[in-house]
């Protein structure tokens, strides 16, 4: 059976255009730090990519730091600002539904003597602004809240959060790994101080990401060494990777509207097909507040393990949540936060995420295969 | 074009680029995903790790893939320091390490660690006695590079390893970025606990590398998250990069076995040609060096000017490490050797690869002679 990939939130196939852009770069292999012209050529390519990344979020190019991916960007954003600003206070606010790159970093900072508030979320998957406001203290130095949750696709009210943090000493970091490419992220309109992006979630190569750091934000580097990335991230730059990433950014910018519409249509047909097949299911999180590419569905009377095993046998690649925790079948920490840890949704829900590897026919076909498996399992 | 800056970075092998392309296309799944796309990717990752382990004659669970040499060095040094600081806070390294080692140590000094930066002799080699004498009851880490990136000198790693073995409480890290594939060190039973390797210095891709971490060595991870790479290194694995790295290691080993004499001949030729140039001083000693790197000075001539003039003829060499520019004029490494300012401020480095040929060396020497004469005339 033809496998259908519905796990674009875990990782995406590389766009052939990206590969095409990268291959010739391996011939321009100079080290961007070398002073000869061969090195300078590599430097030019790097600068060009930095401008593309910067303009995608309306930032200055010198505020873009290329990293080895989303995890490293989140780690620099959190550990870097926590250490550099602890003289102002030692309180950090985040949420219980963050990616593990944020959560585990927050836990590490707790061990270092920082105090971390983990905000709960409502049933719709969003944090509640009043409790966020109440959590802010004079000691707060960092607020780290993801723009879009990776398991449910629920969009967080980052504009409102930014407006609240704006007049506070704390910096606002948003993990935009799942949002980037589909949401319009303007760091000036939304006053974001730090923003993490990963390349392999937008059809770019793996091993690359960027962190936006607003000018003036105090950040300590996580790694030490050469002068690369203005000392904020030393190490010989992965030139080809960065150029591939920049190409993926350009395509994502050009096709943003088109992709939003396509994925929204996929999501719609997926759900409609499930309805036509008359199976019992609930969508987790508030439909209107989710990004077009992701849907998280609860199938009452089933459990995640048997669903995923059967889906896989039927050629449907989906997941129970973050790929980083997918190896375990622990109840989803995100759904537990939304519905309570006793709720059966935490153990019978699946994330389907759409993207470049899909077409409309596949979506219908996938929904039919899913429906027939669910029917069989709930018998 | 004649590229003689292979210590800064190398041209990827075509086969390496091809593996990158193929894996990117065919195995795009996330190795942590449980569906077939993920398990296929995970299988490939596992195979790459097994292959790397067998090439290095170590265990599979001793290989941690990283984003490169800087990350490898930072992970090793800070990882050991932060995990074992309750035992002691003393670190031993040398004055001629790569900036990613030196700066990682400076950062640890700010956290209250005590770092001994051992000197080197005129040939740029650290003394084993000095290492032995520097060890105190508080020492938790020795970090020494195998081959120096500017001079090409080989450090007495085997001997230091033997000393480290006598002190089971301390860890020994080797920055093997420049030496890997050029000088061999068996990792097994060597006293070495951690060893850093970078992909782009051996015709692999930038953004790839690996860190050998001996079994039962606890380190504190630099990054927190999904606990990939056995928790040593969180973040979705760059599978295409990883597979291409292992390919590069295999090909580089093949070359090292078959073409050692070739580079040795190039080095001899280069030394012979350079010794004919008036006023030129060769800084790399005539013992304990690798054939790939030759450092020399043209006192009185600004290295940048020489490099620029060579660049116009499409010949590429360098001054010092591409990563160091703390003191823009002077080479920290040459200064550590106690050489005169005239020498340390005019250092140049030629670094060879297996694909360089004798004609490259001839053309370079001709060009250098001509440039030297022209510049002398201008400077009158």
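Just so you know, all these numbers are worked out from the coordinates, no wet-lab data involved. Remember, it's a predicted structure, so these values are computed and weren't measured experimentally. No Cβ is skipped: glycine too gets one built from the backbone with ideal geometry, and neighbour counts run over all protein chains shown.
Per-residue ellipticity at 222 nm for the protein assembly as shown, helices alone: DSSP H runs ≥ 4 residues times -39500 (n - 2.57), over residue total, nearest 500 deg cm²/dmol?
Numbers: 24 runs with 299 residues, N = 759.
One gets -12500 deg cm²/dmol as the mean residue ellipticity at 222 nm.
Calculate, in whole percent, how much of the Cα-Cα pair population of the protein assembly as shown lies beyond 40 Å. Mind showing how you got there, number by number?
On the way: 101411 of 287661 pairs.
Taking all Cα-Cα pairs of the protein assembly as shown, the fraction more than 40 Å apart is 35 percent.
So for the pair residue B:169, residue B:342, with labels modelled 7 Å out along Cα→Cβ, what separation do we get in nm?
For the pair residue B:169/residue B:342, the computed spacing is 5.0 nm.
By what distance, in whole Å, do the Cα atoms of the range A:260-379 stretch along each of the three principal axes, largest value first?
Principal-axis extents of the range A:260-379 (Cα, largest first): 35, 32, 25 Å.
Under the classification rounded if a/c is under 1.5, otherwise prolate if a/b is larger than b/c and oblate if not, where does chain B fall, given a ≥ b ≥ c as square roots of the Cα gyration tensor eigenvalues? List each step's numbers first, then the result.
Working: a/c = 2.08, a/b = 1.32, b/c = 1.58.
Oblate, since a/c reaches 1.5 and b/c is not below a/b.
Classify the range B:185-330 as rounded, prolate or oblate from the Cα gyration tensor: take a ≥ b ≥ c as the square roots of its eigenvalues, call it rounded if a/c is under 1.5, otherwise prolate when a/b beats b/c and oblate if not.
Numbers: a/c = 2.21, a/b = 1.82, b/c = 1.21.
Prolate, because a/c is 1.5 or more and a/b exceeds b/c.
Label points 7 Å out from Cα along the Cβ direction at residue A:280 and residue B:133: separation in nm?
Placing both labels 7 Å along Cα→Cβ, they lie 8.1 nm apart.
If r is the Cβ-Cβ distance from residue B:366 to residue A:184 and R0 is 60 Å, what FRET efficiency results, to the nearest 0.05? Before the final figure, lay out the partial values.
Numbers: r = 58 Å, r/R0 = 0.97.
It comes to 0.55.
What is the Cα convex hull volume of the range B:214-274 when expressed per residue in Å³?
Roughly 169 Å³ of hull volume per residue.
Gain in length, residue A:361 to residue A:341, computed as 0.36 nm per residue apart minus the alpha-carbon separation, to one decimal in nm? Can you show the working numbers first?
Values: separation 20, 0.36 × 20 = 7.20 nm, distance 3.63 nm.
Going from the current span to full extension adds 3.6 nm.
Describe numerically, in nm with one decimal, the distance between label points set 7 Å from Cα along Cα→Cβ at residue A:264 and at residue A:48.
Result for the modelled spin labels: 3.4 nm.
Go from 0 up to the bin containing the longest alpha carbon distance in the range A:146-292, width 5 Å each, and give me the % of pairs per bin.
2, 8, 14, 17, 18, 15, 11, 7, 4, 2, 1, 0, 0
Of the DSSP beta bridges with both residues in the protein assembly as shown, give the percent that are antiparallel, rounding to the nearest 5. Could the numbers behind the result be given before it?
Values: 38 of 75 bridges.
Of all bridge pairs located within the protein assembly as shown, approximately 50 percent are antiparallel.
If you take every DSSP beta bridge fully contained in the range A:16-254, what fraction is antiparallel? Give it as a percent rounded to 5.
Working: 10 of 25 bridges.
Roughly 40 percent of the beta bridges in the range A:16-254 run antiparallel, per DSSP.
Determine the gain in length on full extension of the stretch residue B:377-residue B:86; use 0.36 nm per residue of separation and subtract their C-alpha separation, reporting nm with one decimal.
Working: separation 291, 0.36 × 291 = 104.76 nm, distance 6.23 nm.
Stretched fully, the residue B:377-residue B:86 segment lengthens by 98.5 nm.
Could you calculate the FRET efficiency of residue A:215 with residue A:379 from 1/(1 + (r/R0)^6), where r is the beta carbon distance between them and R0 is 56 Å, rounded to 0.05?
Once the sixth-power term is evaluated, E becomes 0.40.
Counting other beta carbons within 10 Å of each residue's own, what order do B:218, B:208 fall into, fewest first?
Numbers: B:218 10, B:208 30.
Ordered from fewest to most neighbouring Cβ atoms within 10 Å, B:218, B:208 come out as B:218, B:208.
Mind checking the mean number of beta-carbon atoms from other chains within 10 Å of the Cβ atoms in A:23-30?
Working: counts 4, 0, 3, 10, 4, 1, 10, 7.
That works out to 5 on average.
Give me Rg over Rh for the range B:1-97, both radii from the alpha carbons and Rh done the Kirkwood way, two decimal places.
Details: Rg = 18.3 Å, Rh = 17.1 Å.
Dividing the radius of gyration by the Kirkwood radius yields 1.07.
Where does helix A:360-378 land angle-wise versus the long Cα axis of chain A, in degrees 0 to 90, nearest 10?
Compared with the principal axis, the helix lies near 60 degrees.
Angle between the Cα long axis of helix A:37-56 and the longest principal axis of chain A, 0 to 90 degrees, nearest 10?
Orientation of helix A:37-56: about 50 degrees from the principal axis.
log10 I(q)/I(0), Debye, Cα-only chain A, no solvent, q = 0.13 Å⁻¹?
-1.05
Taking the convex hull of the Cα atoms, report for the range A:1-82 its projected area averaged over all directions, in nm². Can you show the working numbers first?
Numbers: hull surface 33.5 nm².
The orientation-averaged projected area of the Cα hull of the range A:1-82 comes to 8.4 nm².
With axes computed from alpha carbons, what is the tilt in degrees of helix A:239-254 against the longest principal axis of chain A, rounded to the nearest 10 within 0 to 90?
60 degrees
Which percent of Cα pairs goes in each bin when the distances of the range A:149-216 are cut into 5 angstrom slices starting at zero?
Per 5 Å bin, starting at zero, the Cα-Cα P(r) for the range A:149-216 comes out as 4, 16, 26, 24, 17, 9, 3, 1 percent.
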